[in-house]
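Chemist: Dropping a structure here in structure tokens format, bear with me for questions.
The values are calculated or read from the model by the stated rules, or taken from the named source; none is laboratory data. No experiment lies behind these values; they were computed from the predicted model shown. Here the Cβ positions follow ideal geometry from the backbone for every residue, glycine too, while neighbour counts run over all protein chains shown.
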Amino acid sequence: MKSKRSFFPILLLLTLSQAAFAETATPAGLWRTIDDNSGKPRSLVRITEHNGEYSAVIEKGLLATDTGDAVCDKCTDARKGKRIIGMTIVEGIKFKEGNYEGGEILDPENGKTYRCKMKLDETGNKLEVRGYIGISLIGRSQFWTREE
């Protein structure tokens, strides 16, 4: 009986600390992306926050073919011909009303930019990144995993 009483406060403390972490978690950090076609880890992306705005930079390619020399030859903006490693692929995301939204994401595979929104899961370790055209229903989601 005594062990059940001592277990309850510990369980309560763990539950409350997880809830507090989830409330303070942000997308800032290092994330592992997954290749849409192969399902294998594709890259490491660093999300940072500056003045309430989030952006993401590709830090490392994880495929065997990634040499770091690949460039965005299909980009149509200032990123055309620039190396993909070190490239900013997400810009302008802001936290509002419980959501991370309002920015754009670049797909270096086709050089196109899409509207973007992000959603953290309750643990703060999985991030749904959705690129879309017009409305969110017309788009595609990826799930990134926190590395830190």
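Chemist: Condition check: within 23 Å of Arg140 (Cβ to Cβ), surrounded by fewer than 16 Cβ atoms within 10 Å (Cβ to Cβ), without any contact (Cβ under 8 Å) to a residue 12 or more places away in the chain and out of contact with any Phe, Trp or Tyr (no Cβ under 6 Å at 6 or more places or on another chain). Does Asn37 satisfy that?
Modeler: It is true that Asn37 is within 23 Å of Arg140 (Cβ to Cβ), surrounded by fewer than 16 Cβ atoms within 10 Å (Cβ to Cβ), without any contact (Cβ under 8 Å) to a residue 12 or more places away in the chain and out of contact with any Phe, Trp or Tyr (no Cβ under 6 Å at 6 or more places or on another chain).
Chemist: Also, quick follow-up: Would you point out the residue of region 76-85, among those that are in a loop (DSSP other than H, G, I, E, B) and out of contact with any Ser or Thr (no Cβ under 9 Å at 6 or more places or on another chain), that is nearest to Thr33 (Cα to Cα)?
Modeler: The selected residue is Lys82.
Chemist: Condition first: crowded, with 16+ Cβ neighbours inside 10 Å, touching a Lys or Arg at 6+ places or on another chain (Cβ under 8 Å) and not hydrophobic (A, V, I, L, M, F, W, C). Can you find one or more residues in region 54-65 that meet it?
Modeler: Yes, region 54-65 contains a residue that is crowded, with 16+ Cβ neighbours inside 10 Å, touching a Lys or Arg at 6+ places or on another chain (Cβ under 8 Å) and not hydrophobic (A, V, I, L, M, F, W, C).
Chemist: Turning to a different aspect of this structure: If you check Ala78, Ala28, Ala56, which single one turns out to be of a type in the set (A, V, I, L, M) and farther than 20 Å from Ser141 by Cα? Talk me through it step by step, then tell me what you get.
Modeler: Values: Ala28 fails: farther than 20 Å from Ser141 by Cα; Ala56 fails: farther than 20 Å from Ser141 by Cα.
Result: Ala78 is the single residue among Ala78, Ala28, Ala56 that is of a type in the set (A, V, I, L, M) and farther than 20 Å from Ser141 by Cα.
Residue-wise test of (1) in contact with a Cys (Cβ under 8 Å, 6 or more places away or on another chain); (2) small (Gly, Ala, Ser); (3) free of Cβ contacts under 8 Å to residues at least 24 places away in the same chain.
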site: Tyr100; (1), (2), (3): no, no, no
site: Ile105; (1), (2), (3): yes, no, no
site: Glu109; (1), (2), (3): no, no, no
site: Leu120; (1), (2), (3): no, no, no
site: Gly134; (1), (2), (3): no, yes, yes
site: Arg140; (1), (2), (3): no, no, no
site: Thr145; (1), (2), (3): no, no, no
site: Glu148; (1), (2), (3): no, no, no
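Chemist: Given the conditions (1) under 20 Å from Thr24 (Cβ atoms); (2) assigned to a loop (DSSP other than H, G, I, E, B), report the number of the one that Thr65 does not fulfil.
Modeler: (1)
Chemist: Which one of these is surrounded by fewer than 18 Cβ atoms within 10 Å (Cβ to Cβ) and either out of contact with any Gly (no Cβ under 6 Å at 6 or more places or on another chain) or of a type outside the set (Lys, Arg) (or both): Val90, Val71?
Modeler: Result of the check over Val90, Val71: Val71.
Chemist: Kindly indicate whether any position in region 21-35 is within 14 Å of Pro108 (Cα to Cα), assigned to a loop (DSSP other than H, G, I, E, B) and at pLDDT 85 or above.
Modeler: Checking region 21-35: at least one residue is within 14 Å of Pro108 (Cα to Cα), assigned to a loop (DSSP other than H, G, I, E, B) and at pLDDT 85 or above.
Chemist: Then there is this: I'd like to verify a number: residues in region 40-82 that are touching a residue at least 24 places away in the same chain (Cβ under 8 Å) and hydroxyl-bearing (Ser, Thr, Tyr), how many?
Modeler: Residues that pass the stated criteria total 3.
Chemist: Does Glu104 satisfy being part of a strand (DSSP E or B) and either farther than 16 Å from Thr26 by Cα or out of contact with any Pro (no Cβ under 8 Å at 6 or more places or on another chain) (or both)? Step through it out loud before you land on a result.
Modeler: On the way: part of a strand (DSSP E or B): yes; either farther than 16 Å from Thr26 by Cα or out of contact with any Pro (no Cβ under 8 Å at 6 or more places or on another chain) (or both): yes.
In short, yes.
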